[in-house]
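The values are calculated or read from the model by the stated rules, or taken from the named source; none is laboratory data. Remember, predicted model here, so these are calculated numbers, not experimental data. Every residue, glycine among them, receives a Cβ derived from its backbone with ideal geometry; neighbour counts consider all protein chains shown.
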């Protein structure tokens with residue numbers, strides 16, 4: 001099965017084509033706010049490098065959040081367009097769940113954290129054991145201290161939120177492990193692998209059912225709510 005995955009939940013634009021647990025082609029580019037301008041050209045490049053035309057793709061997988069309001073909307077809208085045009089099945093993948101597939105974790109807790117601005121992070125906590133992966137703290141947006149209070153002692157932190165608040169993490173957890181490098185941002189290949197797992201569980205593959213998950217109101221919505229009588 002060939003899966004075309006995308007993550008635009010952060011300033012990093014990442015697109016991958018994967019098949020049978022292998023990465024056929026992938027891009028990871030920090031494009032700031034230029035997702036709309038660069039995404040479809042990136043898709044063409046990835047498919048071209050893999051030598052796979054879009055009509056040979058079996059499944060579309062898109063990171064649905066939490067993350068950047070604008071980035072998520074762009075990624076979901078673009079993938080829905082591809083799904084509609086090609087009659088392709090599509091899966092919306094939780095961003096933080098997918099991030100746990102960037103590495104091979106065993107017998108530990110992991111906490112992916114993404115910068116949510118306004119002194120908060122998007123995060124969740126997962127426990128890996130012999131029986132598999134379990135989410136022990138659901139996706140939420142909160143100050144870093146909330147995750148430090150709820151995460152087990154053996155938790156591994158990663159993501160740009162972990163790097164941003166590295167000092168505060170180490171202050172509360174002197175022996176904490178914080179991963180950088182390839183763990184700093186979401187990866188499209190991880191979105192593909194998470195989608196493959198969800199498909200095996202019998203998840204819905206209707207593009208119409210995929211919606212971005214924001215976890216909080218946008219700043220304009222906050223302003224309108226405050227101004228409402």
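Numbers for the structure displayed
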{"quantity": "Single match in 139, 154 (criterion: at pLDDT below 95, in contact with a strand residue (DSSP E or B) (Cβ under 8 Å, 6 or more places away or on another chain) and on the phi < 0 side of the Ramachandran plot)", "calculated": "154"}
{"quantity": "Filtered residue count, region 150-169, keeping only those that are surrounded by fewer than 12 Cβ atoms within 10 Å (Cβ to Cβ) and under 19 Å from residue 67 (Cα atoms)", "calculated": "0"}
{"quantity": "Filter pass, residue 90 being out of contact with any strand residue (DSSP E or B) (no Cβ under 9 Å at 6 or more places or on another chain), within 13 Å of residue 5 (Cα to Cα) and surrounded by 13 or more Cβ atoms within 10 Å (Cβ to Cβ)", "calculated": "no"}
{"quantity": "Region 103-134: number of residues that are assigned to a strand (DSSP E or B) and either within 21 Å of residue 188 (Cα to Cα) or assigned by TED's automatic domain parsing to the domain that holds residue 214 (or both)", "calculated": "13"}
{"quantity": "Hey, residue 222 at pLDDT below 95 and in a helix (DSSP H, G or I) or not", "calculated": "yes"}
{"quantity": "Hey, residue 67 in a loop (DSSP other than H, G, I, E, B) and crowded, with 24+ Cβ neighbours inside 10 Å or not", "calculated": "yes"}
{"quantity": "The listed residue being assigned to a strand (DSSP E or B) and assigned by TED's automatic domain parsing to the domain that holds residue 204, out of 43, 52, 29, 76", "calculated": "29"}
{"quantity": "Any chance residue 168 is within 19 Å of the chain's Cα centre (by Cα) and over 24 Å from residue 32 (Cα atoms)", "calculated": "no"}
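Let's see how each residue does on (1) surrounded by 21 or more Cβ atoms within 10 Å (Cβ to Cβ); (2) in a loop (DSSP other than H, G, I, E, B):
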position: 171; (1), (2): no, no
position: 175; (1), (2): no, yes
position: 186; (1), (2): yes, yes
position: 190; (1), (2): yes, no
position: 198; (1), (2): no, no
position: 204; (1), (2): no, yes
position: 208; (1), (2): no, no
position: 211; (1), (2): no, yes
position: 215; (1), (2): no, yes
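Rundown of residues vs (1) surrounded by 18 or more Cβ atoms within 10 Å (Cβ to Cβ); (2) at pLDDT below 95; (3) in contact with a helix residue (DSSP H, G or I) (Cβ under 7 Å, 6 or more places away or on another chain), yes/no style:
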position	(1), (2), (3)
5	yes, no, yes
15	yes, no, yes
22	no, no, no
34	no, yes, no
56	no, no, no
63	yes, no, yes
84	no, no, yes
94	yes, no, no
109	yes, no, no
